[in-house]
2 protein chains.
Amino acid sequence: MAANKKLVEAITSMEEDFAQWYTDVVKKAELIDYSSVKGCMIIKPAGYAIWENIQKELDRRFKESGVENVYMPMFIPESLLQKEKDHVEGFAPEVAWVTHGGMEPLQERMCVRPTSETLFCDFYANEIESYRDLPKLYNQWCSVVRWEKTTRPFLRSREFLWQEGHTAHATAEEAQERTEQMLNLYADFCEEVLAMPVIRGRKTDKEKFAGAEATYTIEALMHDGKALQSGTSHNFGDGFAKAFEIQYTNKENQLEYVHQTSWGMSTRLIGGIIMVHGDDSGLLLPPAIAPVQTMIIPIQQAKPGVLEKAGELQKELSEFRVKVDDSEKSPGWKFSEQEMRGIPTRIEIGPKDLEKGQCVIVRRDTREKLITPLEQVKEKLAEVLETIQKEMLERAREHREKHTYIARDYEEFKKIVEEKPGFVKAMWCGSQDCEDQIKEETGATSRCMPFAQEQIGETCVCCGKPAKTMVYWGKAY
Amino acid sequence: MAANKKLVEAITSMEEDFAQWYTDVVKKAELIDYSSVKGCMIIKPAGYAIWENIQKELDRRFKESGVENVYMPMFIPESLLQKEKDHVEGFAPEVAWVTHGGMEPLQERMCVRPTSETLFCDFYANEIESYRDLPKLYNQWCSVVRWEKTTRPFLRSREFLWQEGHTAHATAEEAQERTEQMLNLYADFCEEVLAMPVIRGRKTDKEKFAGAEATYTIEALMHDGKALQSGTSHNFGDGFAKAFEIQYTNKENQLEYVHQTSWGMSTRLIGGIIMVHGDDSGLLLPPAIAPVQTMIIPIQQAKPGVLEKAGELQKELSEFRVKVDDSEKSPGWKFSEQEMRGIPTRIEIGPKDLEKGQCVIVRRDTREKLITPLEQVKEKLAEVLETIQKEMLERAREHREKHTYIARDYEEFKKIVEEKPGFVKAMWCGSQDCEDQIKEETGATSRCMPFAQEQIGETCVCCGKPAKTMVYWGKAY
């Protein structure tokens, strides 16, 4: 019976088996379900509502920065995908191919977009003629398909939802500025809204996007010490422009190539929220993104006046996202459900509270109970939600600091990666051989070359030659 | 040069060539562009912004009626598509087939969803167990693919954006109620927001959705007298439930099949807006859906104070969707552009207006100029926008009434269809033979059996046998 499945069953503890804990949470907080389509997931109402809030807030920030939304076809003809050499090499092995339309074989097969650079370039080649047409600042919200072999809900699935921004500029400087602007927009969003601290930096050439001149990334640290690449922003220079002949006439009436960028964030962020904030009671959502910010749970709801007061409270708190759980389950059960679903606060109200003219606000993160006079509940709830949001970010930052290590030589590096899950900061000579060796021998990859560089040594942690840059290393999702 | 392309070129007149007028408007109002993917369109910022407003308003209404959003995979395994016989027969001839993932052929080919009944059914079969799980009221916003042979922007394209609602209920009555509720929600939305009057009714069996027990529709009349099916709502009874074994245990602990509905509206609505409201100057958007409700156009903008005042006006009018066109084009040019893009009002302000402390509000629909004291501009603009919205609906209703005819015998019917584009109301016996004959001989199809029945005769307009129902007939997009 479904009613039984909905019981709050114990979930695996994080310490015991983090991967199983994650799977338990996504299922039991009812974020996703598996589908008959291998590697694709069904995003259920509780999961999709988080994505809607992410969209709303990101979209507002995009539009404030001058970006407009468009929609491109979901198919890419094979010849179009092949126009930029690095790009096709990077993506061709993992696309889904459409070969038939109705009963007829297609003259040219098409892939379902894994990303839409080629479509935007094809469009821009027609659309852009003069410097007056620049910049183009377009974004689309859509789903993309990458034929992954192993998949995990939100983190890696064959189809996922995302936004992809694609811009075209007159100069290299402007393209670089937009690339960094969007990375910083992503980072601010993660910190301010998702309470998820991130390291901002540049990817090494080995890790950059297929076809990009430079890729910038934000990297977050999960509870288990693994890194999650949470958003990327690419500067293409004029590489795609040359492959697709996207030229404009400048003020002196000369033809020039445009400079382009692209940047994206996806439903992967939901995986990040789960793994940064969740605990052994389930999900924990930052108030700024939580579809329900407080659940009012009546105690002894059959007693006169209790349900009425719960309803009144809901109305009074209508500036927040509030629900009342007036189902016939026991209060204890409702508490567990609210905690499992990560609703950041609950308000308990029963006959004794009515007598005293109070209610009890309970924080999901600390379990702290705040007895609150009814006439102050609005101000108090606002304050509590703000505090939770702030402290969730602080706790995540502390966790990251505590799990960020410095390695000065290779022995130390290997020992840290083996024994202490987290970020390792170490100097690097810039050679891909060292990156390859580190990955092979330790499983750690270069996460990014942070904007905030520190001089922690003079020599490469791997080969001992003179170092060029400090890199964050780590095992990653 | 793009700057030249952007000039407001004359568009074909509606009377001369309606199809060409339509194509000119979608291109010159910059709603869409054609893509390298045959039959698929690129929705440009001005077009996508209309869709965003449609989404926002529809989504709000859905949620008020208890509907929750989810996201299903975009692929359907062939075996799943085949589970309901009528459904697969209806859709298999027009789907796109994915046969390869990466370098490997798939074990089972999958189609890109043309609609998602089969996916929702597969999901519901796992999700629903008890009467406590019902009703399920889910919706998704996504794109779907139907491999059409001939395509037209917004009206018929191989990929289009839509929403599809899918519900499951304990009883047949509840399913019927939801089917009609959503049809009425669609109709109210069209009339209140898009200023597009619609006929509400039921499709004949010949015209119903593949797999449905009954299909309900809203039908709008375009400026050229052709009908546009603008939204549909289907009652599936327990047909899909039996094919997919979606059962629940009722309160008496007995197994029963659920009853289901589905309902959808798409970017086709934008085609409807164009063809109901547009004129020979271009697009005309109802204020409730217009991404820009008023364009402030400074006159002699180099003169002191003009641009400043335009900026002040924009701030003062921030409760509306307002832009200032301070580009270097001439005012006349800007007027034409604003009219072409269908922005429902403009506000002209120049040095003489400044002297007099006034501005001029110009209605896009009637060209009426309203000299308005600056201190009253906010109230006046609100009033004008409301009036435009109301009168657009009235004009469209009058146009439809004027182009709705009654045919009492077949000769009259054929003459009307041939000579007078519009709806024809006529009695029908209920036999598909008559429908087929009418379609073959006149090109008109049954649009719907309206809820508001009128007794305009006793016998079928085609065969002369006793009539069962009055039908709206017409040529359709």
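What residue, among those in the range B:158-180 that are in a helix (DSSP H, G or I) and aliphatic (A, V, I, L, M), is surrounded by the fewest Cβ atoms within 10 Å (Cβ to Cβ)? The qualifying residue surrounded by the fewest Cβ atoms within 10 Å (Cβ to Cβ) is B:172. Taking the criterion of being within 27 Å of the chain's Cα centre (by Cα) and facing chain A (nearest Cβ under 7 Å), the residues of the range B:73-94 that qualify are B:73, B:74, B:75, B:93, B:94.
Quick check: is even one residue across the range A:137-149 under 18 Å from the mean Cα position of the chain (by Cα), away from every other protein chain (no Cβ under 14 Å) and closer than 30 Å to residue A:386 by Cβ?
Taking every residue of the range A:137-149 in turn, none turns out to be under 18 Å from the mean Cα position of the chain (by Cα), away from every other protein chain (no Cβ under 14 Å) and closer than 30 Å to residue A:386 by Cβ.
Residue A:19 meets all of the listed conditions (1) under 29 Å from residue B:266 (Cα atoms); (2) more than 11 Å from every other protein chain (Cβ to nearest Cβ) but one, namely (1). The helices (runs of 4 or more DSSP H) falling completely within the range A:370-477 that include 1 or more residues that are within 23 Å of residue A:190 (Cβ to Cβ) map to A:377-402. One residue is enough: does the range B:124-135 have a residue meeting the conditions within 27 Å of residue B:227 (Cβ to Cβ), touching a residue at least 12 places away in the same chain (Cβ under 8 Å) and of a type outside the set (A, V, I, L, M, F, W, C)? Among the residues of the range B:124-135, not one is within 27 Å of residue B:227 (Cβ to Cβ), touching a residue at least 12 places away in the same chain (Cβ under 8 Å) and of a type outside the set (A, V, I, L, M, F, W, C), which makes the answer no. In this entry, residue B:133 passes the filter for residues that are in contact with a helix residue (DSSP H, G or I) (Cβ under 7 Å, 6 or more places away or on another chain), of a type outside the set (S, T, N, Q) and farther than 25 Å from residue A:70 by Cβ.
Within 10 Å of chain A (Cβ to nearest Cβ) and either surrounded by 18 or more Cβ atoms within 10 Å (Cβ to Cβ) or modelled with pLDDT of 95 or more (or both): is that true of residue B:101 in this structure? For residue B:101, the condition - within 10 Å of chain A (Cβ to nearest Cβ) and either surrounded by 18 or more Cβ atoms within 10 Å (Cβ to Cβ) or modelled with pLDDT of 95 or more (or both) - is met.
For the range A:15-72, a residue qualifies if it is among the aromatic types (Phe, Trp, Tyr), more than 18 Å from the chain's Cα centre (by Cα) and open to solvent by less than 20 Å² (accessible area, probe 1.4 Å), and the qualifying residues are A:21, A:71. Across the range B:180-201, not a single residue is classified as among the basic types (Lys, Arg), more than 14 Å from every other protein chain (Cβ to nearest Cβ) and more than 21 Å from residue B:390 (Cβ to Cβ). Residues in the range B:39-68 that are in contact with a Pro (Cβ under 9 Å, 6 or more places away or on another chain), of a type outside the set (Gly, Ala, Ser) and more than 23 Å from residue B:342 (Cβ to Cβ): B:40, B:68. With respect to the conditions (1) surrounded by 24 or more Cβ atoms within 10 Å (Cβ to Cβ); (2) not in a loop (DSSP other than H, G, I, E, B), residue A:248 lacks only one, and its number is (1).
In this entry, residue A:183 is excluded by the filter for residues that are out of contact with any Pro (no Cβ under 6 Å at 6 or more places or on another chain), under 24 Å from residue B:110 (Cα atoms) and not in a strand (DSSP E or B).
Within the range B:304-333, being among the small types (Gly, Ala, Ser), in a helix (DSSP H, G or I) and surrounded by fewer than 16 Cβ atoms within 10 Å (Cβ to Cβ) holds for B:311, B:332. When each of B:177, B:159 is tested for being at pLDDT 95 or above and within 13 Å of another protein chain (Cβ to nearest Cβ), the lone residue that passes is B:159.
The values are calculated or read from the model by the stated rules, or taken from the named source; none is laboratory data. Just so we're clear, the structure is a prediction, and the values are computed from it rather than from any experiment. Methodologically, a virtual Cβ is constructed for each residue, glycine included, from the backbone with ideal geometry; neighbour enumeration extends over all protein chains shown. Side chains included, ligands, DNA and RNA excluded: accessible areas come from the protein's heavy atoms. Shrake-Rupley method; radii C 1.70, N 1.55, O 1.52, S 1.80 Å.
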